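The values are calculated or read from the model by the stated rules, or taken from the named source; none is laboratory data. The shown structure was predicted, so the numbers you read here are calculated from the model rather than taken from an experiment. Virtual Cβ from ideal backbone geometry, glycine too; neighbours counted across all protein chains shown.
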Amino acid sequence: MAFLGFITGAILLLLLLAVIGFLLCFGYIYYIHTKFDHIPGPPRDSFFLGHSPTLMKLIRNNMIIYDPFFDWVEKYGPVIRLNAVHKVMIFIISPEGVKEFLMSPKYTKDDFYDQLQNMFGMRTLGRGLLTDRDYDHWHKQRRIFDPAFSKTYLIGSMGPFNEKAEDLMEKLAQKADGKSEVVMHNLFSRVTLDIIAKVAFGIELNAVFDDQTPFPQNVSMIMKGMVEIRDPLSVFYPSKQPFIRELKKHVRHLRETGKECIEQRMKAIREGDNIPTDILTMILKGAEQEESCTLEDLIDQFVTFFIAGQETTANHIAFTVMELGRHPDILARVQAEVDEVIGSKRDIEYEDLGKLKYLNQVLKETLRVYPTVPGTSRALEEETIIEGVRIPAGSNLMFNTYIMCRMEKYFKDPFVFNPDRFHPDAPKPGFSYFPFSLGPRTCIGQVFSQLEAKVIIAKLLQRFEYELVEGQSFKLLDTGTLRPLDGVISRLRPRAEHKASKK
């Protein structure tokens, strides 16, 4: 009897604890609702889950979660609240808000970046330049890296840019029979990997020709992980465990590669070898100025630059090629400019890129319609008012150029691809176009990325005619960044003018 009494008491205690836990959870979520429910937003799917079911359904169906916002902004205004269990996200679709929060250093990145530092419990980007939330520490690191992105260094990088782009042209020439279907995004991902590895770290990957290299899959899996962590409960789903194990394998491989690369450069420095003034050297220089810097911190920077320097540029080039293929008149105009500026030269010079003015407009317009990084976020420590809406302290603020650049309010005929929006004499959009972010935390690699894209696209248009294979959806895929869902499948053939110039 005593034993049964003990069991009964234990069960009752567990039930009591469960009830208390439920009441605490209920009470906390109710508190969150009362704190934020004065902010407009669409109806929640449920009291506890908030809008999570709607957002997760969009992700599972490979839809862009930002698309519903157009209707929500029109209905509820430029400041919108979304609930995800106990978290609240405040989307600010307002130039006033963008200017206030992105242009000032006093607003740090929000705690979403903590999840990128350690994905599913494994150190991934760590305290790299992208994810570091400590502004003072970030600013010190940013100053150290700036020389690796200076004009002098970029001019010196034109050799590797040309060399790796030529590898891509050779690969494309093997398929340029007018019949073979080429997934252009796949090859752009490989050539941008080769370029960042060579220019930033002195590594020869040869990804364009090596189909077995694991690095494209390393990057792809980490990007998929960035989508999965949006669901805070995904780590508990049994169905997600195989993916999480696979993700950790790829993170481990990339970090081990970074460790090996860093240790080899350290050895070269100790032995007095000549070393390049590249990003890797800047990483080690930064370590000298920070006593607490560990090897893992150095690897964080390696992984950050390796991924950020490849993924977004490959996507940007792919979207550009896609839109040129859909607009023959714009393609002809760009190709004519390339013929005039580059002619039949094999090696493109730094000065040539500045003369490709219309191509530059095309690249900017592509980022307006398809910003590869659709937005960013900030943490709000003190209560403030934006667009007449009181935003409580402790809020996570989201800013989205994808949404703003597709709104008639900011861009006339926003779904029309029109590079003349970015003509030097055209009026410039104010705080609605920020594909590389804005303010002090603007992307350090944006000039690098644009030069790389120009070299690759100029060579492509110099050498080949192409057409998009019919039946593609031209939809977008959200993999942490935005990329073309179908991969920009094309048929290529050599340009007659280029063949003639080679004879």
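For the stretch 437-445, state whether one or more residues are basic (Lys, Arg) and more than 29 Å from Asp347 (Cβ to Cβ).
yes
For the stretch 289-300, state whether one or more residues are free of Cβ contacts under 8 Å to residues at least 40 places away in the same chain, assigned to a helix (DSSP H, G or I) and out of contact with any His (no Cβ under 6 Å at 6 or more places or on another chain).
Yes, that holds for at least one residue.
Do we have any residue at all in the stretch 81-91 that's farther than 26 Å from Phe236 by Cβ, among the hydrophobic types (A, V, I, L, M, F, W, C) and in contact with a Lys or Arg (Cβ under 7 Å, 6 or more places away or on another chain)?
yes
Hey, does the stretch 351-362 have a residue that's within 27 Å of Lys151 (Cβ to Cβ), of a type in the set (Asp, Glu) and surrounded by fewer than 19 Cβ atoms within 10 Å (Cβ to Cβ)?
Yes, the conditions are met somewhere in the stretch 351-362.
Filtering the stretch 172-188 down to residues that are assigned to a helix (DSSP H, G or I) and touching a residue at least 24 places away in the same chain (Cβ under 8 Å), which residue is surrounded by the fewest Cβ atoms within 10 Å (Cβ to Cβ)?
Ala173
Could we say that Asp278 is closer than 29 Å to Gln446 by Cβ, in contact with an Asp or Glu (Cβ under 9 Å, 6 or more places away or on another chain) and either touching a residue at least 24 places away in the same chain (Cβ under 8 Å) or of a type in the set (D, E, K, R) (or both) here?
no
Just give me the residues in the stretch 378-398 being within 10 Å of Phe101 (Cβ to Cβ) and not aliphatic (A, V, I, L, M), in sequence order.
Arg378, Thr384
So, Asn83, is that one polar (S, T, N, Q) and at pLDDT below 80 or not?
no
Report those helices (runs of 4 or more DSSP H) wholly inside the stretch 61-141 carrying at least 1 residues which are surrounded by 16 or more Cβ atoms within 10 Å (Cβ to Cβ) and within 19 Å of the chain's Cα centre (by Cα).
Once the helices (runs of 4 or more DSSP H) in the stretch 61-141 are filtered for at least 1 residues that are surrounded by 16 or more Cβ atoms within 10 Å (Cβ to Cβ) and within 19 Å of the chain's Cα centre (by Cα), what remains is 95-102, 112-117.
Check off (1) surrounded by fewer than 21 Cβ atoms within 10 Å (Cβ to Cβ); (2) hydrophobic (A, V, I, L, M, F, W, C); (3) at pLDDT 90 or above for Val303 and give me the number that stays unchecked.
Single failed check for Val303: (1).
Output the residue which, of all residues in the stretch 26-60 that are assigned to a helix (DSSP H, G or I) and of a type in the set (Phe, Trp, Tyr), is farthest from Arg390 (Cα to Cα).
My answer is Phe26.
Checking Val341 against (1) within 28 Å of the chain's Cα centre (by Cα); (2) under 28 Å from Ile444 (Cβ atoms), which test does it fail?
All conditions pass for Val341, except number (1).
Could you list, in sequence order, the residues of the stretch 414-469 that are in contact (Cβ under 8 Å) with a residue 12 or more places away in the chain and of a type in the set (S, T, N, Q)?
Those that are in contact (Cβ under 8 Å) with a residue 12 or more places away in the chain and of a type in the set (S, T, N, Q): Asn418, Ser432, Ser437, Ser449, Gln450, Gln462.
Do we find a residue being out of contact with any helix residue (DSSP H, G or I) (no Cβ under 7 Å at 6 or more places or on another chain), under 27 Å from Ile65 (Cβ atoms) and in a helix (DSSP H, G or I) anywhere in the stretch 248-260?
yes
Show me the strands (runs of 3 or more DSSP E) found entirely inside the stretch 427-503 where at least 1 residues are over 30 Å from Met103 (Cβ atoms) and at pLDDT 95 or above.
Filter on the stretch 427-503 gives 464-468, 482-484, 489-494.
Looking only at the stretch 282-300, which residues are polar (S, T, N, Q) and at pLDDT below 85?
The answer is Gln289, Ser292.
Kindly establish whether Arg265 is assigned to a helix (DSSP H, G or I), touching a residue at least 12 places away in the same chain (Cβ under 8 Å) and more than 24 Å from Pro160 (Cβ to Cβ).
no
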